[in-house]
Every structure is written in C-alpha cells, then in structure tokens.
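The values are calculated or read from the model by the stated rules, or taken from the named source; none is laboratory data. Owing to the predicted nature of the structure, the values given are computational and were not obtained by experimental measurement. Quick reminder, even Gly has a Cβ in these numbers, built from the backbone with ideal geometry, and neighbours come from all protein chains shown. Just the protein is used for accessible areas: all its heavy atoms, side chains included, with ligands, DNA and RNA removed. Shrake-Rupley method; radii C 1.70, N 1.55, O 1.52, S 1.80 Å.
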Amino acid sequence: MQDLVIERQRLVQQDGTAGDLGVPAGTPPGSPIGPWERLDRGCVDITALNPPPSPGEVFRYFQTLPLPQLPTRQQPPGNALVGLPVIFFTDGPTTQTFTLDIRGFTVDITATATGFTWHTGDGTDLTTTTPGAPYPRHTISHDYATGTYTAALTTTWTATFSVDGGITAPVPGSTTTDGTPVTFAVLQARPVLTNPFD
C-alpha cells in the first residue's frame, strides 16, 4: 500500500478544445493545458502495477547470462591412433549462480548443465547427461578412422530461480553454449619387425 495523491490535467482534443479552457490557436491535439487538478488522496495497492517477474520474463534474462563455455578435453592428448578410442570429457564448471535486479526485484538464478552434445568431427554426435571423465573413469569415447578431426562440445543449460528469497521454481526452457573446439589427428599404427640383436 502507498499513500498517493491523484491528480489530472486536461489535454487538447482533436477539435482543438479543452472543455471550458481557452486553447491558444495552433496548439496540437494531446498537449497538456491548464493547471493540475487534485481529485483524491488515499492508500492505493500498487502491487498490481509492478508484479514480480514471471517465469517467462526470467527466461528472457536467463538467455542473456554469460554462462560458461565448457572446453572439450580429449585423451590421449594430441594425436590418437586408429583402434584406440578417443575419450571425451569436460572439466569446466557445470553449475553457476547469478543474482539479477529485475524491475527492483532481486532474482537469483541457478543454472545447471544438464545436457552435453559432443560433435566428434566425423559427422557423429554423442549426447549425454554427464560431463564425462578422464581415463580410467571415462564414460564417453569414440572410434575414428585415419584423418584430422575437430571436435567440439555444445552444453545445454537449464535453471531454477527465486524472487526476493522466495520459493524456488524452474525457469521454463533452456539455452546452450558452445565450447572451444579441439583439433587432432588420428594416425594408423603399423607393426614393424626388428631384429632384437641389432
């Protein structure tokens, strides 16, 4: 509730008049004219004039946040070998919290990486819900033929939010970030017979 004084001021109409007030010639329609007139004073509930941010409004802000661009890591580092799967994982932060001011409301948004799409570079996409891990706990790997490949990671982010420390609710929708790609060669290992006595 807020104590407000309600006033009004007349405007020049399309026909060039403003009630019983004289209007100078050439005054454009819509121009204010005459003094402000006090109509009333009282307590007014202004909550409806500035409601808390809606989930849709929070989502629009969520899409603009500087979310981490998770890097693509691969093992073995450097070049790989045909017949030896390449292991993928990321070691970037998978949770990020932001505090925003939206129309005077304090909005806390917690973003979480919930989907990972590994573009292997040979036309295959691997989709997981975890960031993977290095050997020997690895969960994401891919076999390659001989060649040079550029792999990259697209991360899908979802979020929850609260307004002024209130209850937590999901942010509708998701957004994505693309991490820095990594380029490597896959080589063919060939056996070579040698004389152990040389």
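Overview of values
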item	result
Whole-Hz couplings from phi, Karplus 6.51/-1.76/1.60, listed for the range 53-59; x for Gly and Pro	x, 7, x, x, 5, 5, 4
Computed label-point distance, nm, for sites THR64 and ASP101 using a 7 Å Cα→Cβ extension	1.4 nm
Of (1) 213; (2) 131; (3) 117, the label for volume of the Cα convex hull per residue in Å³ derived from the coordinates	(1)
Cut-off under 5 Å, modelled amide H: who pairs with ILE140 long-range	PHE88, ALA133
Test item: Cα-centred dipole of the chain, Lys/Arg +1 and Asp/Glu -1 on Cβ, debye	360 debye
Antiparallel %, DSSP beta bridges [both residues in the range 54-198], to 5	95 percent
Rounded accessible area per residue of the chain, 1.4 Å, Å²	62 Å²
Three semi-axes of the equivalent ellipsoid, the range 142-188, Cα gyration tensor, whole Å, largest first	41, 9, 7
Positive-end extreme of charge dipole, the chain - chosen from ALA185, GLY22, VAL58 (charges on Cβ)	ALA185
The chain - percent of accessible surface contributed by carbon and sulfur, probe 1.4 Å	55 percent
Sorted peptide list for 20-27, 94-101, criterion being average Cβ within 10 angstrom, highest first	94-101, 20-27
Range of Cα positions in the range 72-130 per principal axis (Å), largest first	58, 21, 15
Karplus-derived 3J(HN,Hα), 6.51/-1.76/1.60, for each residue of the range 61-72, Hz, glycine and proline x	5, 4, 5, 9, 5, x, 5, x, 9, 5, x, 8
For ILE102, residues with placed amide H under 5 Å, excluding near neighbours	VAL107
Bins of 10 Å, starting at 0 and running to the largest distance - Cα pair percent for the range 22-137	9, 23, 17, 15, 12, 7, 8, 6, 2, 0
Counting DSSP beta bridges with both ends in the range 1-138, the antiparallel % (nearest 5)	95 percent
Chain lengthening between ALA145 and SER31 when straightened (0.36 nm per residue, less Cα-Cα)	33.5 nm
Order by protection proxy (mean Cβ within 10 Å, highest first), peptides 64-74, 120-130	64-74, 120-130
Estimated vicinal HN-Hα couplings, Hz - the range 26-32 in sequence order (Karplus 6.51, -1.76, 1.60; Gly, Pro = x)	x, 6, x, x, x, 6, x
